[in-house]
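*Asks:* First, the structure itself, so that you have it in front of you.
The values are calculated or read from the model by the stated rules, or taken from the named source; none is laboratory data. Just so it is clear, the model here is predicted, and its values are computed rather than measured. When we count neighbours, we look across all protein chains shown, and the Cβ atoms used for this are built from the backbone with ideal geometry, even at glycine. Surface accessibility is based on the protein's heavy atoms, side chains included, excluding ligands, DNA and RNA. Shrake-Rupley method; radii C 1.70, N 1.55, O 1.52, S 1.80 Å.
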Amino acid sequence: MIVETGHFALVLALALACVNAVVPLIGHVARDGRLLRTAPPVAVMGFVFTAGAFAALTYAHVTSDFSLVNVIENSASTKPLVYKITGVWGNHEGSMLLWVLILAVFAAAVALASRGMPADLKALVLCVQSWIAAAFLLFILLTSDPFARVLAPPIEGQDLNPLLQDPGLAIHPPLLYLGYVGFSMTFSFAAAALIAGRVDAAWARFVRPWTLIAWIFLTLGIAMGSYWAYYTLGWGGFWFWDPVENASLMPWLAGTALLHSALVMEKREALKVWTIFLAILAFSLSLIGTFLVRSGVLTSVHAFATDPLRGKAILAILVFFIGGSLALYGWRAGTLRQGGLFAPVSREGALVLNNLLLTAACATVLVGTLYPLALEATTGQKISVGAPFFNATFVPLCVPLFLAMPVGQMLAWKRGDLLGACQRLFVAMLAGMAALLAFAAAKGAPVMSYCMAGLAVYALVGAFADLTRRIFAGGLGQAVSRAGVLPRSAYGTAIAHAGLGVTLLGLAASGWGQERILAMTPGQTTTIGPFEAQLQTVTQHAGPNYTASVAPTELRRDGRLIAVLEPATRFYPIRKMSRAEAGIATLGFGQFYESIATPSGTGKVDVKLFWKPLVTLIWIGALIMGFGGALSLSDRRLRFGIAARVRRVRPAAVPAE
Amino acid sequence: MSAARLARLCALLALLALPGAAHAVEPDEILSDPALEARARSISEGLRCLVCQNESVDESHAPLAHDIRVLVRKRLEAGDTNAQVRDYLVARYGQFILLRPPLELQTLLLWGTPLVVLLAGGAAAALAMRRGPGKSADAALSDSERRKLEEILQPRGPTAA
């Protein structure tokens, strides 16, 4: 009964989305305020129904209702409760439902939280968002219905893929989708602005919080996915340039460029063309990503479903929205009036360079991901475009970006002094050089590694250069009061940029990691780096829906016991699949990482040991970036959009004229 | 492991660029000569596992990946150079097995994308900035507009203060 209600709620949500797709548009054309004001309540109701449908599906999973095809294929009664809940989005149908739920969440958020936004802009934004929601709800109901039933329910389900039975599943998809789908909101804003014919600084001020929210979540989502792959796949890799990973990186690159572009638009009313284009691009890339993952068009470890019908449906949606938005842009391009002028060397100029580099990087990833497909379709030749290609093209684009980052922050608006900016970054450059030499001398790492490490330290220190200059501008005495007065977004900017430097440092440090691969017998000791690892006896252990072989290993340094690692391999009997569970010890910022292969029974265990110095910085940097973004978001100026309500001053009695 | 051997292994491992290295190499595959082993590892990382979903031969646990890893090591022990090993595999499995796309006429667009986008975008930006002042500068008033302006500024009749 609950499941049927959920199904019906989904249909109602589709109906409401259709209503909201049409009525505000009519209201805008006919200039009827009443029609415009229907948009927010309808959006909120749409959210309520979508949430109801999602709750019904979750209920079916939690109670192991095996009359639902979705539950049969992805659940088992022995699965732990947390994976029953998180497994709702561990498959195609459930994750599409999560997609539209988050679409509805953002629509409701804009409907409820955006005070000060003009009614027609808000109505148009919700209208475009409802177009997207309607398209995807139709897609779900017609091709990927999670509420499909079978007549003869089986006794037990097929269990969730063991690789997905992990806390990472609870965190990574929701964060990622909040990011991906968050960019639908910026897309809606851009389309609404084009429809209304008004693209100006006020619009940029309204759109920035939503861009920030989407960006923060996408950053955290990608980082969490990367960390999950790192500890679960058993060999310490965290980025594979897999098509699906690229599909999440591309919106991030476009979104970062959009964030910076909107900032320029807000301050100087320039770069309108870039900003609108990037807003359309970011969401288009999200849609392309959805298409790649779910159509079976590209091989990937991530791929959900390989159903051509679904692929064609998503392709149709993609063509409609991307083509439609570009057509809308072409039609309304005339209303984009030229904004503030600026010299090439200025903060705006630096942000144009930033946009250029990020767009080039994004284009590289896009072309690299789709090229094998395109080439095979046109010439029949099959090639691979893998990590070596991206390392050769993407990394060189990032270097000028990191070099320019602190410099751009130091330049003034409208007309900047390049030499002065560089002079003020003297400390940062010194720090970078010192780090480079220190790492080169101490670690004996490859040139690439310690050069990147130096660049990272330069970016990290340089991120705070502007902040410290503003705090100490009035001398040491005034520093504290100045620091209190500075807007939070200044701190947020510095911290977010510093976070990027931290991530780069972690990436650079992977060049001086060490590894050992060997077959060990219990009691045997091996050295790796400054550590000694001794394998203990292998034990067996049973979990709720698996059996595991655990190989405890004692880690010592100079004879002192530091940690006991517990790498394991688990076997899940329902799916007849096994997966590795890495043993990780975090020592400072580095990690000691161990994984084992299934013990063959000969007494020896195949062991892989890695010493990865500073590796946690990669993900800590992402957390810092997210924190910086959140700090910026909490800035009062952003939240209230326009000036705070002016206190009305009662005039003294006015003499009659 | 001696310090020199460890150092050489690290130095050759350093051929791996930034993203984390991934390994499915089994202990019994490892060659005794560390220089050859390091070469085998770096070649394996550039080879695609043909039966997997987007993994390299070095990362994959599939039986075919194991076979290719062993094959690479055999060729290296037979004295082939890195290029010869790759050509040997390409002759048998096609271009698809190389993770680094070849630089040839068909892949010119692929390799050229970063440069093309940078140049095109840079040119567009430069053009837009050069054209900028012309657009925003207001055109001179037309005759009818000038007349209207004079009319408005003209003092009117007796009620003017």
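*Asks:* What is the number of the single condition among (1) within 31 Å of the chain's Cα centre (by Cα); (2) open to solvent by 40 Å² or more (accessible area, probe 1.4 Å); (3) of a type outside the set (Gly, Ala, Ser) that A:PHE8 does not meet?
*Replies:* Of (1) within 31 Å of the chain's Cα centre (by Cα); (2) open to solvent by 40 Å² or more (accessible area, probe 1.4 Å); (3) of a type outside the set (Gly, Ala, Ser), only one is false for A:PHE8: (1).
*Asks:* State which residue is farthest from the other protein chains (Cβ to nearest Cβ) when the search covers only the range B:101-114 and only residues that are assigned to a helix (DSSP H, G or I) and open to solvent by less than 30 Å² (accessible area, probe 1.4 Å).
*Replies:* The extreme case among them is B:GLY112.
*Asks:* Looking only at the range B:71-100, which residues are within 12 Å of chain A (Cβ to nearest Cβ) and either out of contact with any Leu (no Cβ under 9 Å at 6 or more places or on another chain) or not in a helix (DSSP H, G or I) (or both)?
*Replies:* Within the range B:71-100, B:GLY94, B:GLN95, B:LEU98, B:LEU99, B:ARG100 meet the criteria.
*Asks:* Sticking with this structure for a sec: Listed residues A:LEU341, A:LEU430, A:LEU373; which is within 29 Å of the chain's Cα centre (by Cα) and not β-branched (Val, Ile, Thr)?
*Replies:* After applying the criteria, what remains is A:LEU373.
*Asks:* Out of A:TRP239, A:TRP274, report the one residue that is open to solvent by 30 Å² or more (accessible area, probe 1.4 Å) and within 21 Å of A:GLY182 (Cβ to Cβ).
*Replies:* It is A:TRP274.
*Asks:* Within the range A:462-469, identify whether any single residue is closer than 30 Å to A:LYS267 by Cα, modelled with pLDDT under 90 and open to solvent by 70 Å² or more (accessible area, probe 1.4 Å), and answer yes or no.
*Replies:* Within the range A:462-469 (the criterion being closer than 30 Å to A:LYS267 by Cα, modelled with pLDDT under 90 and open to solvent by 70 Å² or more (accessible area, probe 1.4 Å)), the answer is yes, since at least one residue qualifies.
*Asks:* Of A:ALA496, A:ALA533, which residue is of a type outside the set (Lys, Arg) and closer than 22 Å to A:PRO400 by Cβ?
*Replies:* None of the others qualify; the one that does is A:ALA496.
*Asks:* Quick test for you: out of A:MET448, A:MET452, A:MET433, A:MET410, pick the one residue that is closer than 20 Å to A:SER346 by Cβ and either within 14 Å of chain B (Cβ to nearest Cβ) or not β-branched (Val, Ile, Thr) (or both).
*Replies:* Going through A:MET448, A:MET452, A:MET433, A:MET410 in turn, the sole match is A:MET410.
*Asks:* Is it the case, given these coordinates, that A:LEU259 is touching a Cys at 6+ places or on another chain (Cβ under 9 Å), farther than 23 Å from A:ASN74 by Cβ, open to solvent by 20 Å² or more (accessible area, probe 1.4 Å) and at pLDDT 80 or above?
*Replies:* Considered against the rule, which asks whether it is touching a Cys at 6+ places or on another chain (Cβ under 9 Å), farther than 23 Å from A:ASN74 by Cβ, open to solvent by 20 Å² or more (accessible area, probe 1.4 Å) and at pLDDT 80 or above, A:LEU259 comes out as no.
*Asks:* Mind listing whichever residues of the range A:501-530 are surrounded by fewer than 20 Cβ atoms within 10 Å (Cβ to Cβ) and more than 13 Å from chain B (Cβ to nearest Cβ)?
*Replies:* A:PRO522, A:GLY523 - these are the residues of the range A:501-530 that are surrounded by fewer than 20 Cβ atoms within 10 Å (Cβ to Cβ) and more than 13 Å from chain B (Cβ to nearest Cβ).
*Asks:* Continuing with this model, one more query. Only one of these is more than 7 Å from every other protein chain (Cβ to nearest Cβ), within 30 Å of A:MET265 (Cα to Cα) and part of a helix (DSSP H, G or I): A:GLU348, A:GLU376. Name it.
*Replies:* A:GLU348
*Asks:* To continue, here is another question. Between a first residue in the range A:445-473 that is within 17 Å of A:LEU614 (Cα to Cα) and a second residue that is open to solvent by less than 50 Å² (accessible area, probe 1.4 Å) and outside any helix (DSSP H, G or I), which pairs have beta carbons less than 6 Å apart while being 6 or more apart in sequence or on different chains?
*Replies:* A:PRO446/B:ALA14
*Asks:* A further question follows. Give just the number: which of (1) in contact (Cβ under 8 Å) with a residue 12 or more places away in the chain; (2) open to solvent by 70 Å² or more (accessible area, probe 1.4 Å) does A:ARG570 not satisfy?
*Replies:* Just one mismatch for A:ARG570, condition (2).
*Asks:* Looking at this structure, is A:GLU266 acidic (Asp, Glu), surrounded by fewer than 24 Cβ atoms within 10 Å (Cβ to Cβ) and away from chain B (no Cβ under 14 Å)?
*Replies:* For A:GLU266, the condition - acidic (Asp, Glu), surrounded by fewer than 24 Cβ atoms within 10 Å (Cβ to Cβ) and away from chain B (no Cβ under 14 Å) - is met.
*Asks:* Can you tell me which residue is farthest from the other protein chains (Cβ to nearest Cβ) among those in the range A:313-334 that are modelled with pLDDT under 90 and loosely packed, with under 14 Cβ neighbours inside 10 Å?
*Replies:* A:TRP331
*Asks:* Which one of these is open to solvent by 40 Å² or more (accessible area, probe 1.4 Å), within 23 Å of B:SER60 (Cα to Cα) and among the small types (Gly, Ala, Ser): A:GLY588, A:GLY601?
*Replies:* A:GLY601
*Asks:* Does A:LEU353 qualify as being more than 27 Å from A:LYS414 (Cα to Cα) and in a helix (DSSP H, G or I)?
*Replies:* Judged against the criteria, A:LEU353 is not a match.
*Asks:* Could you check the range B:33-89 and list, in sequence order, the residues that are open to solvent by 60 Å² or more (accessible area, probe 1.4 Å) and of a type in the set (A, V, I, L, M)?
*Replies:* B:VAL51, B:ALA78
*Asks:* May I pose another question? Under 7 Å between Cβ atoms, at least 6 apart or on separate chains: pull out the pairs that start in the range A:500-515 with a residue that is within 10 Å of A:TYR450 (Cα to Cα) and end on any residue that is open to solvent by 20 Å² or more (accessible area, probe 1.4 Å) and not hydrophobic (A, V, I, L, M, F, W, C).
*Replies:* So the pair list comes out as A:GLY511/A:PRO446; A:TRP512/A:LYS443.
*Asks:* All but one of (1) of a type in the set (Ser, Thr, Tyr); (2) open to solvent by 10 Å² or more (accessible area, probe 1.4 Å); (3) touching a helix residue (DSSP H, G or I) at 6+ places or on another chain (Cβ under 6 Å) hold for A:SER95; which doesn't?
*Replies:* (2) is the only condition that A:SER95 fails.
*Asks:* Do we have any residue at all in the range B:18-25 that's of a type in the set (Val, Ile, Thr) and either in a loop (DSSP other than H, G, I, E, B) or at pLDDT below 85 (or both)?
*Replies:* Yes: the range B:18-25 contains one or more residues that are of a type in the set (Val, Ile, Thr) and either in a loop (DSSP other than H, G, I, E, B) or at pLDDT below 85 (or both).
*Asks:* Among the residues of the range A:304-312, is there at least one that is in contact (Cβ under 8 Å) with a residue 24 or more places away in the chain, open to solvent by less than 30 Å² (accessible area, probe 1.4 Å) and within 10 Å of another protein chain (Cβ to nearest Cβ)?
*Replies:* There is no residue in the range A:304-312 that is in contact (Cβ under 8 Å) with a residue 24 or more places away in the chain, open to solvent by less than 30 Å² (accessible area, probe 1.4 Å) and within 10 Å of another protein chain (Cβ to nearest Cβ).
*Asks:* Also, I was wondering about something else. I'd like to verify a number: residues in the range A:470-497 that are of a type in the set (S, T, N, Q) and at pLDDT 85 or above, how many?
*Replies:* The total comes to 2.
*Asks:* While we're here: Keeping to the range A:474-495, report how many residues are closer than 22 Å to A:LEU614 by Cα and open to solvent by less than 20 Å² (accessible area, probe 1.4 Å).
*Replies:* Of the residues in the range A:474-495, 1 are closer than 22 Å to A:LEU614 by Cα and open to solvent by less than 20 Å² (accessible area, probe 1.4 Å).
*Asks:* Do you know which residues across the range A:379-407 are within 7 Å of chain B (Cβ to nearest Cβ), open to solvent by less than 40 Å² (accessible area, probe 1.4 Å) and assigned to a helix (DSSP H, G or I)?
*Replies:* A:ALA387, A:PRO388, A:PHE389, A:ASN391, A:THR393, A:VAL395, A:LEU397
*Asks:* Residues of the range A:158-198 being crowded, with 24+ Cβ neighbours inside 10 Å and in a loop (DSSP other than H, G, I, E, B), which ones?
*Replies:* Residues satisfying the conditions are A:ASP159, A:LEU160, A:GLN165.
*Asks:* Only one of these is buried (at least 20 other Cβ atoms within 10 Å of the Cβ) and assigned to a helix (DSSP H, G or I): A:ALA15, A:ALA43. Name it.
*Replies:* Testing whether each residue is buried (at least 20 other Cβ atoms within 10 Å of the Cβ) and assigned to a helix (DSSP H, G or I) leaves just A:ALA43.
*Asks:* Moving on. Assess whether A:LEU561 counts as being surrounded by 17 or more Cβ atoms within 10 Å (Cβ to Cβ), in a strand (DSSP E or B) and away from chain B (no Cβ under 14 Å).
*Replies:* So A:LEU561 does not fit the description; no.
*Asks:* Let me ask something additional. Only one residue in A:ALA60, A:ALA76, A:ALA30 is surrounded by 15 or more Cβ atoms within 10 Å (Cβ to Cβ), among the aliphatic types (A, V, I, L, M) and either within 19 Å of A:TRP99 (Cβ to Cβ) or modelled with pLDDT of 90 or more (or both). Which one?
*Replies:* A:ALA60
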